[in-house]
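What follows is a short report on a single structure.
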Amino acid sequence: KSQPQPSVLNSIYFGGGTPSLAPLETLQTILSAVLTQFPCSPETEITLEMDPGSFNLEYLHSVKRMGFNRVSLGVQSFNDTILAHIGRTHRYQDIVDSLSMLREVGLDNYSLDLISGLPGVSKDAWADTLKHALVIADGRGPPHLSTYDLQIESNTVFDRWYSHFDAEDDDDDDEDDDETDYIEENQNGGLIVEQKVDTNEMPTAKFSEQTEHFVETPDS
């Protein structure tokens, strides 16, 4: 009796932290093992999570040659002060430079990851963040935008640290609705918007992700 053939993979995703910090040889070994075991097509989306400022043109050319054709860019915020507070090493200019390099090597399929509910970010500031995300790449915005709601676990290091940065206005209850309304009112072609939940224990910890719901905006 013949064995059933495995289905063709639609997507391969290297995530869960910052896999781009792994040696190129490690990424190549893992990806080659996957491609050997599972059939893919020219349309298979192969994503690598990366942080702004953690790569250069040579690195991007290398991962593209391996077969990666999509990048998930961990922007988190466009505000340098906020990025410093949450322990991120990149700054706004690193985001701009990273997007420029992605375009230069032809990696036009990418997503931007943002975090809502960060210390010091009011509802208006969050709305400005979303507006900027939609126009940052030469006014075109990203093909895919993911947002993560920051959740603080009680009695953790992050909980004690976060308490020092309580915003004056607590808009948490309305934040998700405002975000959805803004995206719907500012449709950017085929922009895909994804909402997720974040959990953290320390400000320098890598963010884990749990998908809650997925929304694709209708065509304009």
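The values are calculated or read from the model by the stated rules, or taken from the named source; none is laboratory data. Please read all numbers here as calculations on a predicted model, not as lab measurements. Heads up, the Cβs are rebuilt from the backbone with ideal geometry, glycines too, and the neighbour counts pull from every protein chain shown. In case anyone asks, the SASA skips ligands and DNA or RNA and just uses the protein heavy atoms, side chains included. Shrake-Rupley method; radii C 1.70, N 1.55, O 1.52, S 1.80 Å.
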Practice item. Kindly indicate whether PRO4 is free of Cβ contacts under 8 Å to residues at least 12 places away in the same chain, assigned to a loop (DSSP other than H, G, I, E, B) and of a type outside the set (A, V, I, L, M). Key: yes
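Per-residue answers, yes or no, for (1) at pLDDT below 95; (2) among the aromatic types (Phe, Trp, Tyr); (3) surrounded by fewer than 17 Cβ atoms within 10 Å (Cβ to Cβ); (4) in a loop (DSSP other than H, G, I, E, B):
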| site | (1), (2), (3), (4) |
| --- | --- |
| SER54 | yes, no, yes, yes |
| GLY74 | yes, no, no, no |
| PHE78 | yes, yes, no, yes |
| ALA84 | yes, no, yes, no |
| HIS90 | yes, no, no, yes |
Next on the checklist: Just to be sure before I move on: is GLY17 in contact with a His (Cβ under 6 Å, 6 or more places away or on another chain) and either open to solvent by 80 Å² or more (accessible area, probe 1.4 Å) or modelled with pLDDT under 95 (or both) in the structure I sent?
Outcome noted: no
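Of all residues in segment 37-52, which are closer than 20 Å to GLY15 by Cα and either modelled with pLDDT under 95 or open to solvent by less than 50 Å² (accessible area, probe 1.4 Å) (or both)? Walk me through how you get there before you give the answer.
Initial filter on segment 37-52 (closer than 20 Å to GLY15 by Cα): 37-38, 40, 43-52.
Passing the criteria: GLN37, PHE38, CYS40, GLU43, THR44, ILE46, THR47, LEU48, GLU49, MET50, ASP51, PRO52.
Can you tell me which residue is most open to solvent (accessible area, probe 1.4 Å) among those in segment 107-150 that are in a loop (DSSP other than H, G, I, E, B) and free of Cβ contacts under 8 Å to residues at least 40 places away in the same chain?
Applying the first criterion (in a loop (DSSP other than H, G, I, E, B)) to segment 107-150 yields 107-109, 117-122, 134-143.
Keeping just the survivors that are free of Cβ contacts under 8 Å to residues at least 40 places away in the same chain gives 108, 135, 137-139.
On the way: ASP108: 92, VAL135: 76, ALA137: 1, ASP138: 110, GLY139: 50 Å².
Looking at residues that are in a loop (DSSP other than H, G, I, E, B) and free of Cβ contacts under 8 Å to residues at least 40 places away in the same chain, I get ASP138.
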Filtering segment 60-110 for residues that are within 15 Å of THR18 (Cβ to Cβ) and among the small types (Gly, Ala, Ser) leaves a count of 4
Counting only residues in segment 19-52 that are assigned to a helix (DSSP H, G or I) and under 15 Å from the mean Cα position of the chain (by Cα), the one nearest to PRO6 (Cα to Cα) is identified as PRO19
query = Can you find even one residue in segment 62-80 that is more than 17 Å from the chain's Cα centre (by Cα) and in contact (Cβ under 8 Å) with a residue 60 or more places away in the chain?
reply = no
Only one of (1) buried (at least 19 other Cβ atoms within 10 Å of the Cβ); (2) within 30 Å of ASP124 (Cα to Cα); (3) of a type outside the set (A, V, I, L, M) does not apply to ASN69, and that is (2)
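Give ARG88, ARG70, ARG65, ARG103 a once-over and let me know the one that is in contact with a helix residue (DSSP H, G or I) (Cβ under 9 Å, 6 or more places away or on another chain) and among the charged types (D, E, K, R). Even if it seems obvious, please write down each step before you answer.
Numbers: ARG70 fails: in contact with a helix residue (DSSP H, G or I) (Cβ under 9 Å, 6 or more places away or on another chain); ARG65 fails: in contact with a helix residue (DSSP H, G or I) (Cβ under 9 Å, 6 or more places away or on another chain); ARG103 fails: in contact with a helix residue (DSSP H, G or I) (Cβ under 9 Å, 6 or more places away or on another chain).
Just a single option satisfies the conditions, and that option is ARG88.
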